[in-house]
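A.B. asks: Next up is a structure, given as structure tokens.
No value in this document is a laboratory result; all are computed from the given coordinates. Bear in mind that the values here come from a model prediction, so they are computed numbers and not experimental data. Using ideal geometry, Cβ is built from the backbone for each residue, glycine included, and neighbour counts are taken over all protein chains shown.
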Amino acid sequence: MTPQEEIAPLGDVPVDIEVELDRRGMTMREVLQLEEGCVIGTSRSAGENIDIYIGGVLCGSGEIVVIENSLGVRITDFRDDF
């Protein structure tokens, strides 16, 4: 039996998937000055690798891609041990 077949009964269980684009330190003064329309820059751009978390556990990586006017993530690797 393949791993996919083993977990098939769990197929409809919802899980949280997070992709970490960037982290940035800000002072409380900077946070309080934020308002709608403000832009927080990142140090990453399209094509760079990012971490993918499922249920808070690092499970793989991907790359940032631009899809029309949106950003997306192309999965490039999944860990076998998550």
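A.B. asks: Among 71, 58, 21, which one moves the most in a GNM of the chain with springs linking Cα atoms closer than 10 Å?
C.D. replies: Of the options given, 71 has the highest mean-square fluctuation.
A.B. asks: Who wins for biggest fluctuation among 45, 70, 61 in a Gaussian network model of the chain, springs between alpha carbons below 10 Å?
C.D. replies: For the chain, modelled as a Gaussian network with Cα springs under 10 Å, the answer is 70.
A.B. asks: Once amide H atoms are placed 1.01 Å from N in the peptide plane, what residues at a sequence separation of 5 or more from residue 48, or on another chain, have their amide H within under 5 Å of its amide H?
C.D. replies: For residue 48, the qualifying residues are 64.
A.B. asks: Mind listing which trypsin sites (Lys or Arg not before Pro) in the stretch 1-37 are in a DSSP loop and have 15 or fewer other Cβ atoms within 10 Å?
C.D. replies: Sites meeting the loop and neighbour criteria: 23, 24.
A.B. asks: May I have the convex hull volume per residue, in Å³, for the Cα set of the stretch 43-82?
C.D. replies: Spread over its residues, the Cα hull of the stretch 43-82 gives 73 Å³ apiece.
A.B. asks: Separate question: How much length is gained if the chain between residue 42 and residue 21 is pulled fully straight, taking 0.36 nm per residue apart and subtracting their Cα-Cα distance, in nm to one decimal?
C.D. replies: So the extension gain works out to 6.8 nm.
A.B. asks: Tell me the mean residue ellipticity at 222 nm calculated for the chain from its helices only (DSSP H runs of n ≥ 4, each -39500 (n - 2.57), averaged over every residue, nearest 500).
C.D. replies: -2000 deg cm²/dmol
A.B. asks: Let me ask something else about it. Between [x] 13.7; [y] 15.5; [z] 13.2, which matches Kirkwood radius over Cα pairs in Å calculated for the structure shown?
C.D. replies: [y]
A.B. asks: Assign unit charges at the C-beta atoms only (+1 for Lys and Arg, -1 for Asp and Glu), then state the dipole size of the chain relative to its Cα centre in Debye, rounded to the nearest 20.
C.D. replies: Once rounded to the nearest 20, the dipole reads 380 debye.
A.B. asks: Separate question: What is the extension gain from residue 2 to residue 49, computed as 0.36 nm multiplied by their sequence separation minus the C-alpha to C-alpha distance, in nm to one decimal?
C.D. replies: 14.1 nm
A.B. asks: Please report the relative contact order for the chain, taking Cα pairs under 8 Å with a sequence separation of at least 6, and give it as a percent rounded to a whole number.
C.D. replies: Reported as a whole number, the value is 24 percent.
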